Amino acid sequence: MNNAIVDIAQVSDNSLGGKAYGLARLSAMGLPVPPGFVIRGARSGEFPADLESRYLALGGGKVAVRSSALGEDGSDASFAGQYDTVLNVEGLEELRQAVDHCVASADGERARRYQGEYVGGQTAAGAPTMNVVVQQMVDARTAGVVFTADPVSGRRDLLLIDVVAGLGEALVSGEATPDHYAVDNSGCIVRRQLSGDIALLGDAEILAIAVRARGAAEHEGGPLDLEWAIARDGSLFWLQARPITTLPADLNEFDTRLPRPDDVLTISNISEMMPGAVCPLTGSFTGWGIDYGLQYMQVAVGARQHIDHRWQITAQAYGHLFLNLTGNVVMSAAVLGSSADQTAQTLCGRIVPELVEFPPQPLWRRVFNTAKLLRFAMTAPGVVKRFGQQLAQFAIEETPDSASMWAQLEEKSWFFDHCMAVHIQSSALSGFLCAIVENMVSGRASDSSGEDQAEAVRLLAGATGVESALMLEQLDELLDRIAAHPDAGQAFQQAAVDSALSWLRGTPALARDFQDFLSRHGHRGYRELCMRDPSWGDDPAPLVQSMQAAVHARLVTGGHRQLHAADIDWSSLDRGLRWILPRAHNAIRRREHTKSQLVAVAHRFKHGFRHLGELLHAEGKLPDADLVHFFSVSELPAFVAKPDGGKVAQAIARRDALAYQQQLEFPEISVGMPRPLELQQVDIADGVLRGRPASRGVVEGVARVAHTLAEAALLEPGEILVTPITDIGWTPYFSLIGGLVTDLGSAVSHGAVIAREYGLPCVVNTRQGTRFFQTGDRLRLDGDSGRVELLSAD
């Protein structure tokens, strides 16, 4: 019945509009809502007979009159600000005028445009049915909005509050700048941005709003956008609630559970293998493979009884992979001569004070386990040789239907875990011998100086025949031939990437060399272990873009930085170093070889999963092949057997969420589950960052801060590259730069290894270089001491 009046508390569904229903839901939860009523199906000039009596029952004073159209404040579209609200209405005549005003706004130009753009068209009558909410005005000291999830970052663990003095309409209209607060899901206020000198809310009020808003969201089963006001007597009232309609999938959907709540996690080391956020398929396939390989080593040496299928040594949060340092320290308690400090030095390049030891196993057990560890490391060469024979026989065949393709991938997935275990065993021997070299140089364990570290790095850089260096040699030869071509400047270096690639493939003198390079190294690329990101062979465009920059340097300078091998005066070394160093060099070569093998195996699985997606698309089970990457490994069997439209929609939402996850940055070290950084201004009083020296030498130059390969493409010859971390995809830029600074990494990180090959000064693990320095700053990079000094700001 139109023009009937209904108490807010009696509204039981959204037939009276989303706003009225939201208020009723808030009231039903026991949250204080200003008393009021709803006019059902309000029409201009027609008013309920009992309007005056109902108004007087509210006290006859000032009221707020708000729209509550059908579809407004719904889960699909909010209509926020599209209909009108009239505040401080007093008296029956003003009330009638305000009701007519709200009714008229339903057919206004603003609302009709929103209806057409976001909802897909008008209702049959030309405008939605308008209901009108009438509520007692709150004499507000402050008012504002609270989002129980961040609609900008997509984070559901972060609650945002905006507040202005007086009525909230100044906030909604944009006429006033609000105070802004953020509260994490542990109840900590992690952000305060004040518009004036005095905060409009005290901490107790902030937390009261947060607790009640989160309670409402939990009750409603999804994130909410709520309006509230605090009266002059301090009473908190809730004025509106609607779903947040613009969120992607939950960014924390695939977070793993830590074995212990206060485990210490790091982005070091693992971020070199997998920088940034990963798709669900990569997280569940590659992420688990890393955990399996590390657990396998611990089981082999007696530090762990069996492989636990709950993640123990890696973790996933917000779509990012982390290394669980505490899970790695399990090894220290099981063997002799190992400690939490040594583990941290190996994985993070520094001591981590937050990392604590486990109670040691009995002495006899540690002696026994140490013998097993030595055997595990020393048998690595034979294991690697046997694995090479296995790899030669391994293949993933394309099949004609999704069921058989998945059956093959599932059956052979163990081989990736096995390959990871082999690589970690190979890396264990390399790490063991490299640590011995550093300790022998310094004369002490886990307490070497920057100079000692630099000298150890120089000695270890003397390894020849390392696979990554051989790739560099072939790439440099190819770049030299391109730069020598008379058309290189216009046809390659200055051309668009696609045009440069076409020229390269169409130029007989160069095409064969380029194809030969891809045939040997085409399985490599940026984020090599990601099941979604293409390799150089699949998509050469990123490689060509970096090659264009390297050719540019050659054309500008007439040459390029040559590969450099450290000269070692063997006669000056003591007998112990002369014995151990060649064995460390062999171990480094073996580690780089198994890393390439691991990438090759990942590449085959990448193609297999891609083909599975193509089959699912061809069979009408997926709208596009790429969506296969947004299922976890455990979800695929059921979906392949019985496709589900709801799962498809979920996969699409997850793909949307990945872009949000990629924007998040994390501290190097986290205690407990990691939380994204709240970026703040970095203030270093003396203008010097200190990291770990990774390649000797001193250079002064202009900084180029690059977080992505696209940003690195702007490098000019001789600039100092400042970046979070590098992997193989950054390799072509090393012949162009004058030095390297990374936020993360260690002496065996990709960037450190390649910098030494080129004789580039390099400092790793500065932790905040990309935040402190800006492109254009002039720096002094000291690879001998690990210091990076700001000489002048841009």
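Principal axis extents of the C-alpha atoms in the stretch 562-669 (largest first, rounded to whole Å): 71, 32, 30.
How many Å³ per residue does the convex hull of the Cα positions in the stretch 661-794 occupy?
Details: hull volume 15.1 nm³, N = 134.
Dividing the Cα hull volume of the stretch 661-794 by its residue count gives 113 Å³.
Between beta-carbons, use under 13 Å as the cut-off and find the net charge around Ala641, counting Lys and Arg +1, Asp and Glu -1. Net local charge, Ala641 excluded: -2.
Here the calculated FRET efficiency for Asn586 and Arg520, from their Cβ-Cβ distance with R0 = 30 Å, stands at 0.85, rounded to the nearest 0.05.
Classification of the stretch 307-366 by its C-alpha gyration tensor yields an oblate form. The axis ratio a/c (a ≥ b ≥ c) is 1.5 or more, and b/c is at least a/b.
Grab the beta carbon distance between Leu56 and Ile351, set R0 = 56 Å, and tell me the FRET efficiency rounded to 0.05. Could you put the intermediate results ahead of the total?
Details: r = 74 Å, r/R0 = 1.31.
The value I calculate is 0.15.
Label sites at Arg260 and Lys642, each approximated as a point 7 angstrom past Cα along Cα to Cβ, lie 4.3 nm apart. Does the stretch 363-500 classify as rounded, prolate or oblate by the C-alpha gyration tensor (a ≥ b ≥ c root eigenvalues; a/c under 1.5 gives rounded; else a/b over b/c gives prolate, otherwise oblate)? Note, shape of the stretch 363-500 comes out oblate.
Grab the Cα-Cα distance for Glu46 and Ala395, subtract it from 0.36 nm times how many residues apart they are, and report the gain in nm with one decimal.
Details: separation 349, 0.36 × 349 = 125.64 nm, distance 7.69 nm.
Gain in length upon complete extension: 118.0 nm.
Semi-axes of the equivalent ellipsoid for the chain, computed as √(5λ) from the eigenvalues of its C-alpha gyration tensor and ordered from largest down, come to 58, 29, 28 Å.
Mind ranking 583-589, 90-96 by how tightly packed they are, going by the mean number of other C-beta atoms within 10 angstrom, highest first? Present the calculation step by step, with values, prior to reporting the outcome.
Details: 583-589: 21.0, 90-96: 14.9.
Ranked by mean Cβ neighbours within 10 Å, highest first: 583-589, 90-96.
Among 483-491, 538-546, what's the highest-first ranking by average C-beta atoms within 10 angstrom per residue?
538-546, 483-491
Distance between the 7 Å Cα→Cβ label points at Asp656 and Gln305: 4.6 nm.
Along the charge dipole of the chain, pointing to its positive end and built from +1/-1 on Cβ of Lys, Arg, Asp and Glu, which listed residue (Trp730, Leu518, Ala249) has its Cα farthest out? With unit charges placed on the Cβ atoms, the residue in question is Leu518.
Quote to one decimal, in nm, the extra length available between Phe358 and Phe415 on full extension: 0.36 nm per residue of separation minus the C-alpha distance between them.
Working: separation 57, 0.36 × 57 = 20.52 nm, distance 3.22 nm.
My answer for the length gained is 17.3 nm.
Arg192 to Leu374: extension gain in nm, 0.36 nm per residue of separation minus the Cα-Cα distance?
Details: separation 182, 0.36 × 182 = 65.52 nm, distance 5.31 nm.
Computed gain between Arg192 and Leu374 is 60.2 nm.
Provide the packing ranking of 468-479, 417-428, i.e. peptides ordered by the mean count of other C-beta atoms within 10 Å per residue, highest first.
On the way: 468-479: 17.7, 417-428: 22.9.
Answer by packing, highest mean first, reads 417-428, 468-479.
Can you give me the C-alpha center-to-center distance between the stretch 519-554 and the stretch 1-53, rounded to a whole angstrom? The two parts, judged by their Cα centres, are 62 Å apart. Between Gly319 and Phe254, the built amide H atoms are under 5 Å apart, and every one of these is 5 or more places off in sequence or on another chain.
For the listed residue pairs Lys595/Lys647; Lys372/Lys606; Lys19/Lys621; Lys385/Lys412; Lys606/Lys647; Lys595/Lys642, the alpha carbons are over 30 angstrom apart in Lys595/Lys647; Lys372/Lys606; Lys19/Lys621; Lys595/Lys642. Using the Cβ atoms and a cut-off under 12 Å, what net charge is assigned to the surroundings of Ala651, where Lys and Arg are +1 and Asp and Glu are -1? With Lys, Arg at +1 and Asp, Glu at -1, the net is -2.
Every number here is computed from the coordinates shown, using simple stated rules; none is lab data. These figures come from a predicted structure and were not determined experimentally. Don't worry about glycine lacking a Cβ; one is built from the backbone with ideal geometry, like all the others, and counts go over all protein chains shown.
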